[in-house]
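Q: Have a look at the structure that comes next, please.
The values are calculated or read from the model by the stated rules, or taken from the named source; none is laboratory data. As the structure is a computational prediction, the values presented were derived from the model and not from experiment. Backbone-built Cβ (ideal geometry, glycine too); neighbour counts: all protein chains shown.
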Amino acid sequence: MGIFSRMMTVIKANINALIGRAEDPAKVLEQSLMDMRGSLAKTKQDVAAAIADEKKLQGQVEREKKQAEDWERRAMLAVNEGRDELAKQALMRQSEHMQNAQQLHETWVRHKGDTDKLKDSLRQMNDRIEELKRKKNVLVARQKRAEAQERIQKTMSTMGDQSAFDTFARMEERIDDMERQAVAAAELAGELSGDSLASEFKALEFHGSAEQRLLELKQKMGMLPAGSNGAPQQLGAGNRSDLVEEAELVEEDEGEQKP
């Protein structure tokens, strides 16, 4: 294949592709129906002309037959008048008209057969057009549904775009990181600006409280004798009040003993 032939093939293929993309099925179907209706109208005219010719031939056959009958009557009239020669001429005319009628009848029969076929073809063509009209409506409805489905799919594809969701997730992670950094900075600032001595005592108090709870747990489990703390207790608010009460009792006893 030469270069020119290949170029023509490519050009034709591209043109056909462009035409195919530009085709609107509904418009193409409607145009096809219009073309077929035009052909149907022209065919009707042709069939009507054929029917007219058939009727004309039929009329000619009938006229020839009538002429033959007329010449037969004339021949009979001539015989009655004793004019045999005139009767022979009339019979010859009768024979000519009978032959013409026979030939025209044969032509009319063939023509009528062709006309009947044209009528059948016309009816079939009309039925076919009606069928295509109904089919066109179905195809156009399918086209509309396909176009609607395509629009829905495009909309769903747009809604399924993850870029916006990814952006929100990325920003959420960034904000979480900023919040963690702020908390860490606050903790660090508290450690640097707080009272270190108070923090140490607070830790010791917490430690003592934990030891006290451990002793109470051992007593509850029966691991220590009743009334035994097993370790020096810290002076709490309750212990100080007990000491105050004991001191008051001692002072009262001492006052009673004095004269």
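Q: Quick one: LYS154 ticks every box in (1) at pLDDT below 80; (2) more than 33 Å from the chain's Cα centre (by Cα); (3) within 30 Å of GLU30 (Cα to Cα) bar one, so which box is it?
A: Against the list (1) at pLDDT below 80; (2) more than 33 Å from the chain's Cα centre (by Cα); (3) within 30 Å of GLU30 (Cα to Cα), LYS154 comes up short only on (2).
Q: Further question on the same structure: From the list ASP84, ASP114, which residue is exposed (fewer than 14 other Cβ atoms within 10 Å of the Cβ) and under 20 Å from ALA52 (Cα atoms)? Write out each step before concluding.
A: Working: ASP84 fails: under 20 Å from ALA52 (Cα atoms).
Among ASP84, ASP114, only ASP114 is exposed (fewer than 14 other Cβ atoms within 10 Å of the Cβ) and under 20 Å from ALA52 (Cα atoms).
Q: State yes or no: is VAL109 over 30 Å from ALA146 (Cα atoms), modelled with pLDDT under 90 and among the β-branched types (Val, Ile, Thr)? Walk me through it before giving the result.
A: Working: over 30 Å from ALA146 (Cα atoms): yes; modelled with pLDDT under 90: no; among the β-branched types (Val, Ile, Thr): yes.
Considered against the rule, which asks whether it is over 30 Å from ALA146 (Cα atoms), modelled with pLDDT under 90 and among the β-branched types (Val, Ile, Thr), VAL109 comes out as no.
Q: Separate question: Please go through (1) at pLDDT 85 or above; (2) closer than 21 Å to ILE129 by Cβ; (3) in contact with a Lys or Arg (Cβ under 6 Å, 6 or more places away or on another chain) for ALA41 and return the number of the only condition it doesn't satisfy.
A: Condition (3) is where ALA41 drops out.
Q: Going by what's in this entry, would LEU118 be described as over 60 Å from the mean Cα position of the chain (by Cα) and under 28 Å from GLN45 (Cα atoms)? Show your work before the answer.
A: Numbers: over 60 Å from the mean Cα position of the chain (by Cα): no; under 28 Å from GLN45 (Cα atoms): yes.
So LEU118 does not fit the description; no.
Q: Can you say whether MET36 is surrounded by 10 or more Cβ atoms within 10 Å (Cβ to Cβ), within 27 Å of THR115 (Cβ to Cβ) and modelled with pLDDT under 85, as far as the supplied structure shows? Reasoning before the result, please.
A: Numbers: surrounded by 10 or more Cβ atoms within 10 Å (Cβ to Cβ): yes; within 27 Å of THR115 (Cβ to Cβ): yes; modelled with pLDDT under 85: yes.
Yes: the conditions hold for MET36.
Conditions (1) hydroxyl-bearing (Ser, Thr, Tyr); (2) under 30 Å from ALA41 (Cβ atoms); (3) at pLDDT below 90, marked per residue:
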| position | (1), (2), (3) |
| --- | --- |
| SER95 | yes, no, no |
| GLN102 | no, no, no |
| GLN143 | no, yes, yes |
| GLY160 | no, no, yes |
